[in-house]
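Structure record follows, encoded as structure tokens.
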Amino acid sequence: PWVKKKRFGIVAAHATLGTGMDIIFLQDLRIDTIIGIYDWERSTRQTVSLDLEMATDIRKAASSDSIEDTLNYKAVAKRLQQFVGESGFQLVETLAEKIAGIVREEFGVAWVRVRVNKPGAIRGARDVGVIIERGTRPVAG
């Protein structure tokens, strides 16, 4: 069992796992930012694509039909658009770690999976990136 901070609400397209844990997700959130180690990357904005899976229990929101009882994915998206758009990291690994920290700390999410894609970074590959998981997957009780 875990406790969710009540700073923002949460709404969702979600998938329910066999454990009873629910996932609110954002897929292909595209944000222009400075990212990379090469000189040209330090002066040219590139598009990164984010996929997020955030563990939560949606039962209260499903029962009340109230945005106040859930994780507001629009608020998460807006916060990440602001943060990533203003960032200037060299590595996608650093960006992913910072995103996971924001989602967990500011939105009270116990577990998050973050995928950061950097399309076109490698000639011949559609995209490259990193996937991280942070926190503990809660088990609904």
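Things to note:
- Within region 98-136, the set of residues being under 18 Å from Val84 (Cα atoms), touching a strand residue (DSSP E or B) at 6+ places or on another chain (Cβ under 8 Å) and of a type in the set (A, V, I, L, M) comprises Ile99, Ala100, Val103, Val112, Val114, Val116, Ala121, Val128, Val130, Ile131, Ile132.
- Residue in region 126-141 that is farthest from Glu97 (Cα to Cα), counting only those that are open to solvent by less than 40 Å² (accessible area, probe 1.4 Å) and of a type in the set (A, V, I, L, M, F, W, C): Ala140
- Near pairs, Cβ below 7 angstrom, 6+ apart or cross-chain, from region 61-77 (of a type in the set (Ser, Thr, Tyr)) to any residue that is assigned to a helix (DSSP H, G or I): Thr70/Ala61
- Residues that are among the β-branched types (Val, Ile, Thr) and either open to solvent by 80 Å² or more (accessible area, probe 1.4 Å) or over 12 Å from the mean Cα position of the chain (by Cα) (or both) within region 63-109 comprise Ile67, Thr70, Val92, Thr94, listed in sequence order.
- Across region 91-138, the number of residues qualifying as over 16 Å from Ile35 (Cβ atoms) and of a type in the set (S, T, N, Q) comes to 1.
- Conditions (1) in a loop (DSSP other than H, G, I, E, B); (2) modelled with pLDDT under 95: number failed by Gly88: (2)
- Single unsatisfied condition, Gly36 versus (1) at pLDDT 90 or above; (2) open to solvent by less than 60 Å² (accessible area, probe 1.4 Å); (3) not in a loop (DSSP other than H, G, I, E, B): (3)
- Filtering region 110-131 to residues that are closer than 26 Å to Thr44 by Cα, β-branched (Val, Ile, Thr) and within 15 Å of the chain's Cα centre (by Cα) leaves Val114, Val116, Val130, Ile131.
The values are calculated or read from the model by the stated rules, or taken from the named source; none is laboratory data. These numbers come from a predicted model, not from an experiment. Note that we place each Cβ from the backbone using ideal geometry, even for glycine, and neighbour counts take in every protein chain shown. We work out accessible area using only protein heavy atoms, side chains counted, and drop any ligands, DNA or RNA first. Shrake-Rupley method; radii C 1.70, N 1.55, O 1.52, S 1.80 Å.
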